[in-house]
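See below for the structure under consideration.
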Amino acid sequence: MTISDFLNLPNFSDLNLLAGENGLDRELTNVTVVDTPDGTNWLNGGEFVITTAYMLHEEKDLLEFLQVLHEKQAAGVGIKENRYITTIPEAALKMADELNLPLISVPEAYPFVDIINPVLTQIISRQSLLLTQANKIHKEFLGLAINNNSVPEILKTLSSIIRIPCAFIDTHFRNIFFSDESSSLMQKLQDADMESITSEFLEQYDYYTVANKNEQFGFLLFEKGCLQMQENGNMQTALEYASIVLILHIQVQIANQQMAEKYKASFLEDLLTNNVKTDVEIHNRARLYGWDFTNGGLAAVVDINNIKKYFTDHLDSNTNRMLEEATEIIFRHSIQEMHQMFPQSKYFRQSDLIVFIISMPEDSREGLPEQLEQTFRRLQSRLKMVSPFTITLGIGQYYENIRDISKSYSEARVAINLGYSLQWFDRILFYNRLGLYRLLAPVMNSPESEELCIQYIQPLEDYDRKYHGELLPTLQEILQNGWNLKESAAGLYIHYNSIKYRYSKICKVLNLDLADHNNRSLVEIAMKLYLLKHKPESN
């Protein structure tokens, strides 16, 4: 109770408030008697202190006593007048007013017990009522937790207890729920954008943060001025229990979502690794998640360029955290861009790459390559602003039967691996556009491949090493320009006569007539194998 409640009890009509009127709302939790000089040492706060003033011989002693009571956060003080003090000094009254410490005159005839017993009886009675109500609140919310009731049902229970309409902003799943769909609160909040839920927005309402020690889950909202927790102990109890049940409900949803995502990821991994038995199995499992793979699909793989190099060259706890954050940013933007262009695409995450399965009806596939290129350009643009890493987007071929998606996935990975071999980073690579490279990749480490490089490439390497003739880079430029010497000279920034001389020197060193088409084909294949096998160092 407060000191004001105490003075309004019928037993105490002849108690007289002398000073400290502004402290009447101080909370009174106990009544005690202090009649010894060291009696204040045992105060804990909230006590109504009764004294005969036996130990307060001088005015300064009374002033010091009042100061100590204030510092100990006592609720107030009752002094038996005409016992040891006949008149309360003006200085004491003034100090009580300044400290907002209620100073009450107690008639001399009052036994202490006649004050202590009624007050404690009232306090215990009120606490008993609060405990009874708290127990009822506990049981209601416990039932909600056990039965995993919905968020609106939790809010209706809270609203019925505190008699105020309320809303819950779920910041994890980004939803807003209401206890009463006809309330003015819903009219204000139903169209609220989750991006607008800022501290400035929350200040327009009374709100209670729903959080545990490690994570924030949202906010309970009330009309401004409706929530007066300090006037109702059970309101605080109800809010705390509602918060606990909401956290449990959200954590169950998170666990269910994680379990579903785990099963979805397992299914996609089975698809991509060809770990499925029949078409029936694929389509039955797909239907469990509301997916439709009857139109087949292709695999698109987003690979983060050279991120694994950081794990070997710079690995420490800070680097590891930085790489995890960078990976999460790239994956998040990749998902957003892919889903913007292909809303029905499914994805599977690995450590440094994310695989998308894109399935479309046959009559919608004509523009698929261009759509993928547009998506990559947008993703490139976004990542330049938020990430130090670039990406390669590897695209496999489209297969009519989703069971063949593992082939498309393998092709996308081949495209990415060829990109690493040829230093083709920060670009989109379509497997079906890799030409001769995709045929040479599987045999690049064979003895025949090594023999071809020794016969047609090594002599040029040896010559350049000995004479600095630049024959190998010149041959590379000539091949890139389709054996056109004029364009190759421009690409190398040398005179046309210079490239003619180098071309003839290449023919002489290799002892080949490169005007012959068959010889040209052999040299071109040898160069591609050489580039695959001897990739330059990464920057």
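So the values come out like this:
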{"quantity": "Cα-derived Rg to Rh of the stretch 97-151, Kirkwood definition", "calculated": "1.35"}
{"quantity": "Nitroxide proxy distance, nm - points 7 Å out along Cα→Cβ at Ser410 and Asp193", "calculated": "4.8 nm"}
{"quantity": "Candidate lysines - alpha carbon under 24 Å from Lys508, same-chain residues fewer than 8 apart omitted", "calculated": "Lys466, Lys486, Lys500, Lys528"}
{"quantity": "C-alpha center-to-center spacing [the stretch 113-167, the stretch 175-215] in angstrom", "calculated": "23 Å"}
{"quantity": "Normalised contact order of the stretch 110-213, rounded percent, pairs of Cα under 8 Å and 6 or more residues apart", "calculated": "15 percent"}
{"quantity": "Relative contact order (%) - criterion: Cα under 8 Å, at least six apart; region: the chain", "calculated": "9 percent"}
{"quantity": "Other-chain or far-sequence residues with amide H under 5 Å of Thr390's (modelled H)", "calculated": "Asn305"}
{"quantity": "Cα-Cα over 23 Å, subset of Lys264/Lys407; Lys346/Lys533; Lys384/Lys533", "calculated": "Lys346/Lys533; Lys384/Lys533"}
{"quantity": "Selection from Tyr399, Leu158, Phe173 lying farthest towards where the dipole of the chain points positive, charges on Cβ", "calculated": "Tyr399"}
{"quantity": "Descending Cα extents along the principal axes, the stretch 231-309, whole Å", "calculated": "64, 41, 19"}
{"quantity": "Share of pairwise Cα separations in the stretch 269-417, more than 21 Å, in percent", "calculated": "46 percent"}
{"quantity": "FRET efficiency for Glu27 and Arg378, using Cβ-Cβ distance with R0 set to 56 Å, rounded to 0.05", "calculated": "0.40"}
{"quantity": "Rg/Rh for the stretch 441-533, where both radii come from Cα atoms and Rh is the Kirkwood radius", "calculated": "0.96"}
{"quantity": "Using distinct alpha-carbon pairs, which all enter the 1/r mean, Kirkwood radius of the stretch 3-110 in Å", "calculated": "13.5 Å"}
{"quantity": "Set of lysines near Lys80 by C-alpha distance (under 24 Å), chain-local residues within fewer than 8 positions excluded", "calculated": "Lys60, Lys72, Lys94"}
{"quantity": "Test item: Cα-centred dipole of the chain, Lys/Arg +1 and Asp/Glu -1 on Cβ, debye", "calculated": "2940 debye"}
{"quantity": "Burial ordering of Cys453, Cys166, Cys226, fewest other beta-carbon atoms within 10 Å first", "calculated": "Cys226, Cys453, Cys166"}
{"quantity": "Helical segments meeting 20 Å axial Cα length and Kyte-Doolittle -0.5 threshold in the chain (DSSP H)", "calculated": "112-146, 233-272, 405-421, 496-510, 517-533"}
{"quantity": "Tail fraction, Cα-Cα pairs, the stretch 346-483, threshold 27 Å, whole percent", "calculated": "38 percent"}
{"quantity": "DSSP-defined beta bridges in the chain - what % are antiparallel, rounded to 5", "calculated": "70 percent"}
{"quantity": "Cross-link partners of Lys224 among aspartates and glutamates (Cα-Cα below 14 Å; sequence separation of 8 or more within a chain)", "calculated": "Glu200, Glu203, Asp206"}
{"quantity": "Solution diffusion estimate, µm²/s, Stokes-Einstein, the stretch 131-253, Kirkwood Rh from C-alpha pairs, 25 °C, viscosity 0.890 mPa s", "calculated": "169 µm²/s"}
{"quantity": "Calculated Rg and Dmax of the chain using C-alpha coordinates, Å", "calculated": "40.9, 131"}
{"quantity": "Ascending count of other beta-carbon atoms within 10 Å, so fewest first, for Tyr241, Tyr496", "calculated": "Tyr496, Tyr241"}
{"quantity": "Assigned charges on the beta-carbon of Lys, Arg, Asp, Glu; the stretch 441-533 dipole about Cα centre (debye)", "calculated": "320 debye"}
{"quantity": "Relative exposure of Ile525, Ile282, judged by other C-beta atoms within 10 Å (fewest first)", "calculated": "Ile525, Ile282"}
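Read the figures in this text as sums done on the coordinates, not as results from a lab. None of the values given here were measured: they were computed from a predicted structure. With ideal geometry, Cβ positions are generated from the backbone for all residues, glycine too; neighbour counts draw on all protein chains shown.
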